[in-house]
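This report refers to the structure that appears directly beneath it.
The values are calculated or read from the model by the stated rules, or taken from the named source; none is laboratory data. Bear in mind the structure is a predicted one, so any value in this text is a computation, not a measurement. Cβ placement follows ideal geometry from the backbone for every residue including glycine, while neighbour counts extend to all protein chains displayed. When the accessible area is computed, the model is the full protein with side chains, heavy atoms only, and any ligands, DNA or RNA have been set aside. Shrake-Rupley method; radii C 1.70, N 1.55, O 1.52, S 1.80 Å.
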Amino acid sequence: MLSRRSAPGLLGVVHLPKSGGTAVRSALAALDDVVAGPCYFDDFMFGGRRPSGLSDDQEARITSPDHLRRMAEGRRLVMGHYQASTLVDAGCQRLAVQIREPRARLLSLYRYWQLPEARAGWGSWEATALAAADGSLTSFLAAPAAWPAAVDAVARQLLLSHRPLPAKPGASATTRAVDGAPFDQLLRRLAVVEWSNHADRFVERVAQVIGSETVPTVGRENETPTPTDVQRLDRASLETLSAMTAADSRLIGRLMADGLLERRSPGDLDDELAASAVRLGFQLA
């Protein structure tokens, strides 16, 4: 048990895809006055434009700031695959987020999109972006349709507003945001930042922030299974991974420099990438 603390305002938990958030969601959903579904997406996840041909179930999972605000009224916490700006517009005064090494996150996303359960009912998003994972990692990284979830997606989800931006203007805006006012605005709202492998500590800190006397236990969920098609992760692919997550890495570096995120050396991050790569069926060059 934690001693109960004052909990002014609504806390928004930004669930970065493939960053260990599913188990955290299940844990936090057990608390009172928490919104963690069934709505769990905003249009940002798809590059700012909602896909066509969605199933009824998937359509019902996508929301707007106004709808989210109504759902969260009188609650203590709201969590989802939402852009930070969506949560702020919905009334969140503070934010919390789990961070994963961004190149490892991208490898995990590629493998996850290969699973049938990740693809059902997503309409045009399934036929374009998700289908990019049908080929090799090299073809996935080069697929234009996958950019909303792949290219500097961490920095964009945390820093940009939810208006739609094409890939190239979006990349420029993201790079500017990491070193500009959007980062400073994010810092003023961040209450909890943890690495994804410290989920128990993340949930404990979130419980403290919202004044919960109970700290739920974090289980293990939604782990992408090790595939059977082992692929070689060569130098060119590693360089592409680094280029596609450059703003993400810069953002993480700034969070560490400001003391909000536990420091990890470049070697530590490379080790995390290597461990994830092997688990996800890649043979390191």
Problem - Accessible surface, per residue, of the range 232-278 when the full set of protein chains is kept, probe 1.4 Å, Å² - result: 52 Å²
Problem - Placed amide H near L190: partners under 5 Å, 5+ positions off or other chain - result: L95
Exercise for the section: Please give, to one decimal in nm, the separation of the simple spin-label points placed at H198 and Q283, each 7 Å out from Cα toward the Cβ. Expected result: 3.7 nm
Handout entry: Lys, Arg +1 and Asp, Glu -1 on Cβ, resulting dipole of the range 1-157 about Cα centre, debye, nearest 20
Key = 560 debye
Practice task
With only Lys, Arg, Asp and Glu charged, each at its Cβ (+1 for the first two, -1 for the last two), find how big the charge dipole of the chain is about the Cα centre; round to the nearest 20 debye.
Solution key: 540 debye
Handout entry: Correct choice for Rg/Rh (Cα atoms, Kirkwood Rh) that was computed from the model, options (1) 0.96; (2) 1.07; (3) 0.94
Key = (3)
Handout entry: Whole-percent carbon and sulfur share, accessible surface of the chain, 1.4 Å
Key = 50 percent
Practice task
Per DSSP H run of n ≥ 4, the term is -39500 (n - 2.57); total these for the chain, divide by its residue number, and report the mean residue ellipticity at 222 nm rounded to 500 deg cm²/dmol.
Solution key: -12500 deg cm²/dmol
Handout entry: Solvent-accessible area per residue for the range 16-148 (1.4 angstrom probe, square angstrom)
Key = 36 Å²
Handout entry: Rounded to 10°, Cα long-axis angle of helix 246-257 versus longest principal axis of the chain
Key = 40 degrees
Exercise for the section: Using a Gaussian network model of the chain whose springs link C-alpha atoms within less than 10 Å, name the residue from A247, A275, A191 with the highest mean-square fluctuation. Expected result: A275
Practice task
Any chance you could give the angle, 0 to 90 degrees and rounded to 10, that helix 266-279 forms with the longest Cα principal axis of the chain?
Solution key: 70 degrees
Exercise for the section: Would you mind classifying the range 188-285 by shape? Square roots of the alpha carbon gyration tensor eigenvalues, ordered a ≥ b ≥ c; an a/c under 1.5 is rounded, otherwise it is prolate if a/b is larger than b/c and oblate if not. Expected result: oblate
Fill in the blank from the handout: Relative to the chain, whose Cα atoms define the longest principal axis, helix 102-112 and its Cα axis are tilted in degrees, nearest 10, by 80 degrees
